[in-house]
Amino acid sequence: MNILSTLLAGLIAATGLAGAGGLTAPPGAPPEPAAAPTAPPTGETPAVPDVPLFGEWRTLTTADGLPGDKILYVRAAEDAVWVGTEHGLARLEGDRVVRVVGPEDGLGHRVVLGIAPDDDGGVWVATAGGLSHVSGERVDNYDQFVSGLPNDVVFGVAYCGRDVWAATTSGLGRYDTWKDSWLVYDEKNAPMHEIWGYFVTCAHPRYVYAAVWGGGVLEYDPERDHWKDYTDPDGEMEIDLFRNDGLIHAITTSVDWSEGILWAATYFGLSTYDGRDWRGYMDHDSGLAGNFVNHARAVGNAAWLSTDRGLSWFDRKTWVTYTRKDDGAGRIRIGFGPTATFVETKTAIAHDFVFAVDQRGDDLWVATGKGLSHGRRIDARAATR
Amino acid sequence: MTRTPRRLLVLLAVALVASAALLVPRGEEAAADEPRPVKHAAPGAAALRCEPEDLALTADGERLLVVCPEARTVLVLDAGSGARLAEIPVGEKPIAVALHPTEPRAYVADHRSERVHELDLVTNRVSRSFPAGVSPRGVVTDRAGRTLYVANARSNDVSVIALDTGAQVRRIEAGHGPRSLARSSRDGTVFVTSLYTLPVAFQQPPVTELTVLDGDGRRLRARHLLEGATVGRGVAVSPDGRLTVAAIVRPRNLVPMTKVAGGWMMTNGLAVVDNDTGRVAQVLLDQPNRFFPDPHAVVFSPDGARVYVTSLAGHMVAVVDVARLRALLAAADEERLRDLGDDLGASREYVTNRFRAGPSPSALALSADGARLYVANRFEDTVTVVDTAQLAVAATFDLGYDPAVTEPQWGRALFHDARFSFQGGLACASCHPEDHYDGLTYDLEPDGLGRDLVDNRSIREVRDTGPFKWNGKNVSLSMQAGPRAANFFLRTTGFRPDELGAVVSYLESVPRLPNPFRPRGAPLTPAQERGKALYERTVDNLGRPILPEGRCVHCHPGPLGTNRLSFDVGTRAAHDRSGVFDTPHLVNIADSAPYLHDGRCFSLEAIWTLFNPEDRHGVTNDLSKSQLNDLIEYLKTF
């Protein structure tokens, strides 16, 4: 943390502005813990807001045929669920592992960091050793030696029909599948303050969005071949000086878009952008489970936020957070602060360190450090304490 | 020996020979070994030929469409008399045709473009043209006639075209060099063959893909990887939809070419897919000591009892008994199934006949009752009508083009003729199909067994690129295609001098195909401009001078991309006796993977990222990834 931010933070603390909306605690002080959850009096049935809740968790591990227990990514395709682990890729039908793909099959590397289904039942796979395409029996790998991929360490991939985008540690690669041609975007031809690509998506009907570690969010318009960057207005400071002034932090891990809202996950909180206004959220003043947000997955008008302290859901009105208790049961916190309500469930997600999540209808898959948890939509009033 | 026993011995010998002749099964004739009469055009005269490449018979059996690539037309013939009803000019190089399932329309793939054309068979004119991928090679519609599938040979995908709008709604990745398509009437599944191997590790057997599409759903269904196979061509689905067969070649390129003499260089057959179980087998159509070179067109009889397959270089048609083939495959365990692809004797179990056709039978069509088999003879410009009950010629249709051939046209026919090779095992075109190449690495004997492995190269626009051979020792095409080919490839006396002259004329006439990365007249893209600058640069990224021999343009100048000299660029491998190689030309370089003299690189990038550690193959190690990408983009414009 630099001297300027230290001095400024001290000045703010001295003026008593610390703790006001938008400002963090003084440097050096431990972050203010999230408001302790309060349980309703025993015997009373909590009033549960009308938000979708998930439970009936079943966790899959290597015992179920997964190649690894540390699940780094998950994507639900039309007829299957693809799971990325530290030891290869798996395809699930229902809760059954039907196929495992590893380097011995042609996968670029055993560490699978991202997955993007194509239109034909296959997937593009971001690995630590290249960009792989698993399609039917074929597994093709594009690495930096035999293709135009900028770097073998691929953190994210997006399938956009004709183009496939790869977020790599040396910039973004754009592969034109019709022409078998590559373009590389880095600091020389894009506003990339850092070139470490972490995530890329073409969920927006027109733009491609990329999350860049230390470089914020990039927006690319293919029609105009034009880039626009969204960075943290607070610059290099590790505090969020003014909430809602822009992207909450430049170390962005993931972006997604749905129904007009851009969701940007960072290691220091969450931001949303509606095309005009940015909103920032942190764990001490919102229902966000943790500021270390690994992944954002937009579904309809809401998003799932995968953090190191649990899984949150937010529709820009109501927060729902899923955590695991020490006894293995689950706790759902709806809202935050003194008005939060809780639902206890017999089952829980496998671990609070959540890497990614995907939803298809009433099914939810959660990639955690201790397995893949599959949950179903539940009726909160039927859940037991 | 006294005179009487000697006479007896002579009589006995004569009797034995006569008996042997009687034992040859009726109707089973080997490919013609005798040259057919050829009428030559006057020197310098042009000769408009058809060289038919595809046929389609209308559902009512009344009209036969014949695709004539050389004449750039599609003929419409009276299927009964052969009379020409119409001659429709179509595009740049029509090469394949498919009929609409219900309406009087047909679709033609135009190989020298990125388009397919719709023919109105009432007016006999081109009614619409649709954009497709690069070099369309095959076409088929779905069952309902709403979707057209186009195999794009040079973009390695299948275009999905909505026939109501003519729009290309998507492309589906296929194998390497998608070629032909066939549709199942049972469930609409579409099968796509591919000509070339997918990328494989160095010195591993080829693998070609048979792509399976959900024809009604416009999606991929499966990919069958045919190990050991290449040059997937004609494909057909049985009427009950249970079986799919595709013509393939199983090359033995990993063993030295001495094996031509042993009858083990190119083997030829069918891939057979059981569509109910997904089980895939490969079976041969060859026989020991007599081959079935370059299997090409395939068609099922309407009752599903037979499959007819043409041998393009063997000038014959094989008749496969489907029931016997199915029985053989059903009885085979996995080990036997694998062995069938290498069993030259197995064909006697399921091939009931091989009858002679015209020169290079390239296409088949069958009447709805299965009684009449139409065989297009590419280098005779005729269509033979075969009575399938008798397996006898019922009629021959003359397509009405010039009966005389120019020297290059004759040369092309010779290039596709296996009679010049030992046991009819292969033709020149067996390794250079589609006027191109097969993408394989070979071990040629004269360099020593296991030494100097060489990448097979395209024959497109080789006219002014001599010397030939990777070591540059063949100064001319005559030397390349003459005694050397006879001794080490064909294992026979080879071509006569006039035949050799014709083959050379043909080779000199093979053009490059239009380049999709730089259409004629189009300016370079920004990436290509940057790449050109790198190609010609004289200093590196740090401003240090690059000596002339370190500049790409020094060895690869001009439109052909070669200075026709030999250099050592540091690519010598352990199996090479020398590291000095003739500079290859770069024409259509994007189409001719793998690269380097021994085919080690399956991508252009790898030439410099993996095999140029000392900057001896151009100064490139200072390039950034973006710069290398730009250089590749420029290279692809050749």
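The one condition from (1) in a loop (DSSP other than H, G, I, E, B); (2) touching a residue at least 12 places away in the same chain (Cβ under 8 Å) that B:SER505 does not meet is (1).
Within segment B:346-395, the set of residues being surrounded by 23 or more Cβ atoms within 10 Å (Cβ to Cβ), modelled with pLDDT of 95 or more and assigned to a loop (DSSP other than H, G, I, E, B) comprises B:TYR350, B:SER360, B:ARG378, B:PHE379, B:GLU380, B:ASP381.
For residues that are surrounded by fewer than 17 Cβ atoms within 10 Å (Cβ to Cβ) and under 17 Å from B:ALA413 (Cα atoms), tally how many sit in segment B:464-500. The total comes to 3. Of the residues that make up segment A:125-138, is at least one at positive phi, within 11 Å of chain B (Cβ to nearest Cβ), in a loop (DSSP other than H, G, I, E, B) and open to solvent by 10 Å² or more (accessible area, probe 1.4 Å)? Yes; the residues of segment A:125-138 include at least one that is at positive phi, within 11 Å of chain B (Cβ to nearest Cβ), in a loop (DSSP other than H, G, I, E, B) and open to solvent by 10 Å² or more (accessible area, probe 1.4 Å).
Restricting attention to segment A:215-234, and to residues there that are open to solvent by 40 Å² or more (accessible area, probe 1.4 Å) and not charged (D, E, K, R), which single residue is nearest to the chain's Cα centre (by Cα)? Break it down stepwise before answering.
Applying the first criterion (open to solvent by 40 Å² or more (accessible area, probe 1.4 Å)) to segment A:215-234 yields A:222-226, A:228-229, A:231, A:233.
Now drop any that are not not charged (D, E, K, R), which leaves A:222, A:226, A:231, A:233.
Values: A:PRO222: 24, A:HIS226: 25, A:THR231: 18, A:PRO233: 22 Å.
Here the answer is A:THR231.
For beta carbons closer than 8 Å, sequence separation of 6+ or different chains, a first residue in segment B:238-252 that is over 14 Å from B:PRO302 (Cα atoms) and part of a strand (DSSP E or B) and a second that is at pLDDT below 95 and open to solvent by 30 Å² or more (accessible area, probe 1.4 Å), the qualifying pairs are B:ARG250/B:ASP342. Just one of (1) under 30 Å from the mean Cα position of the chain (by Cα); (2) open to solvent by 20 Å² or more (accessible area, probe 1.4 Å); (3) more than 11 Å from chain A (Cβ to nearest Cβ) fails for B:GLY599. It is (2).
Of the listed requirements (1) within 19 Å of the chain's Cα centre (by Cα); (2) open to solvent by less than 40 Å² (accessible area, probe 1.4 Å), B:GLU461 misses just one: (2). Just one of the listed residues (B:PRO302, B:PRO256, B:PRO295) is on the phi < 0 side of the Ramachandran plot and surrounded by 24 or more Cβ atoms within 10 Å (Cβ to Cβ), namely B:PRO295. Residue count for segment A:303-331 under the criterion of being farther than 24 Å from A:TRP213 by Cα, among the hydrophobic types (A, V, I, L, M, F, W, C) and either open to solvent by 40 Å² or more (accessible area, probe 1.4 Å) or within 19 Å of the chain's Cα centre (by Cα) (or both): the result is 2.
Does B:ASP276 meet the test of being open to solvent by 50 Å² or more (accessible area, probe 1.4 Å) and outside any helix (DSSP H, G or I)?
Answer is yes for this residue.
Exactly one residue out of B:THR147, B:THR141 is touching a residue at least 60 places away in the same chain (Cβ under 8 Å), within 21 Å of B:VAL237 (Cα to Cα) and either surrounded by 23 or more Cβ atoms within 10 Å (Cβ to Cβ) or among the hydroxyl-bearing types (Ser, Thr, Tyr) (or both), and it is B:THR147.
One residue is enough: does segment A:245-263 have a residue meeting the conditions over 23 Å from A:VAL208 (Cβ atoms) and either touching a Lys or Arg at 6+ places or on another chain (Cβ under 7 Å) or among the β-branched types (Val, Ile, Thr) (or both)?
First pass over segment A:245-263, keeping only residues over 23 Å from A:VAL208 (Cβ atoms): A:245.
Checking the rest, the ones that are also either touching a Lys or Arg at 6+ places or on another chain (Cβ under 7 Å) or among the β-branched types (Val, Ile, Thr) (or both) come to none.
No, that holds for no residue.
Residues that are touching a strand residue (DSSP E or B) at 6+ places or on another chain (Cβ under 6 Å) and among the acidic types (Asp, Glu) were ranked within segment A:96-118; the one that is surrounded by the fewest Cβ atoms within 10 Å (Cβ to Cβ) is A:ASP105. Of the residues making up segment B:35-62, those that are open to solvent by 70 Å² or more (accessible area, probe 1.4 Å) and outside any loop (DSSP other than H, G, I, E, B) number 1.
State yes or no: is B:LEU99 at pLDDT 95 or above, among the hydrophobic types (A, V, I, L, M, F, W, C) and under 25 Å from B:ASP216 (Cβ atoms)? Taking the combined requirement at face value, the residue satisfies it.
Pairs linking a residue in segment B:620-638 that is within 12 Å of chain A (Cβ to nearest Cβ) and within 20 Å of B:TYR595 (Cα to Cα) to a residue that is open to solvent by 20 Å² or more (accessible area, probe 1.4 Å) and of a type in the set (Phe, Trp, Tyr), with Cβ atoms under 6 Å and 6 or more positions apart or on different chains, are B:LYS636/B:PHE517; B:THR637/B:PHE517.
Return the residues of segment B:509-567 that are more than 14 Å from chain A (Cβ to nearest Cβ), touching a strand residue (DSSP E or B) at 6+ places or on another chain (Cβ under 9 Å) and of a type outside the set (Asp, Glu); say none if nothing qualifies. Listed by number, the residues that qualify are B:THR538, B:VAL539, B:PRO545, B:ILE546, B:CYS555, B:THR562, B:ARG564, B:LEU565, B:SER566, B:PHE567.
Rundown of residues vs (1) among the charged types (D, E, K, R); (2) touching a helix residue (DSSP H, G or I) at 6+ places or on another chain (Cβ under 8 Å); (3) part of a strand (DSSP E or B), yes/no style:
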| residue | (1), (2), (3) |
| --- | --- |
| B:ARG128 | yes, no, yes |
| B:GLY138 | no, no, yes |
| B:VAL150 | no, no, yes |
| B:ARG154 | yes, yes, no |
| B:VAL158 | no, no, yes |
| B:LEU181 | no, no, yes |
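Checked against the criterion of being open to solvent by 10 Å² or more (accessible area, probe 1.4 Å), assigned to a strand (DSSP E or B), more than 10 Å from chain A (Cβ to nearest Cβ) and closer than 16 Å to B:PRO295 by Cβ, segment B:219-233 contains not a single residue that satisfies it. Residues in segment A:175-192: is at least one more than 14 Å from every other protein chain (Cβ to nearest Cβ) and either outside any strand (DSSP E or B) or under 22 Å from B:LYS636 (Cβ atoms) (or both)? Yes: one or more hits.
Inside segment A:193-214, can you point out the residues that are within 14 Å of chain B (Cβ to nearest Cβ) and open to solvent by 30 Å² or more (accessible area, probe 1.4 Å)? Let's see the steps before the verdict.
Within segment A:193-214, the first condition is being within 14 Å of chain B (Cβ to nearest Cβ), and the residues that meet it are A:195, A:197.
Passing the criteria: only A:ILE195.
The set of residues from segment B:602-631 being over 27 Å from the mean Cα position of the chain (by Cα) and among the aliphatic types (A, V, I, L, M) comprises B:LEU610, B:VAL619, B:LEU623, B:LEU628, B:LEU631.
Search segment A:283-294 for residues being of a type in the set (A, V, I, L, M, F, W, C) and buried (at least 22 other Cβ atoms within 10 Å of the Cβ), and hand back the single one that is nearest to A:THR252 (Cα to Cα).
A:VAL293
Considering only residues in segment B:602-619 that are within 8 Å of another protein chain (Cβ to nearest Cβ) and not in a loop (DSSP other than H, G, I, E, B), the one that is most open to solvent (accessible area, probe 1.4 Å) turns out to be B:THR609.
Residues of segment A:154-173 being surrounded by fewer than 22 Cβ atoms within 10 Å (Cβ to Cβ) and more than 9 Å from chain B (Cβ to nearest Cβ), which ones? A:TYR159, A:CYS160, A:ASP163, A:THR169 - these are the residues of segment A:154-173 that are surrounded by fewer than 22 Cβ atoms within 10 Å (Cβ to Cβ) and more than 9 Å from chain B (Cβ to nearest Cβ). Among all residues of segment B:183-198, there is at least one that is within 13 Å of another protein chain (Cβ to nearest Cβ), at pLDDT 95 or above and assigned to a loop (DSSP other than H, G, I, E, B).
The values are calculated or read from the model by the stated rules, or taken from the named source; none is laboratory data. Keep in mind it's a predicted model, so treat the numbers as computed, not measured. In this analysis, Cβ positions are derived from the backbone assuming ideal geometry, glycine residues included, and neighbour counts consider all displayed protein chains. Surface areas here come from the heavy atoms of the whole protein model, side chains and all, with no ligands, DNA or RNA. Shrake-Rupley method; radii C 1.70, N 1.55, O 1.52, S 1.80 Å.
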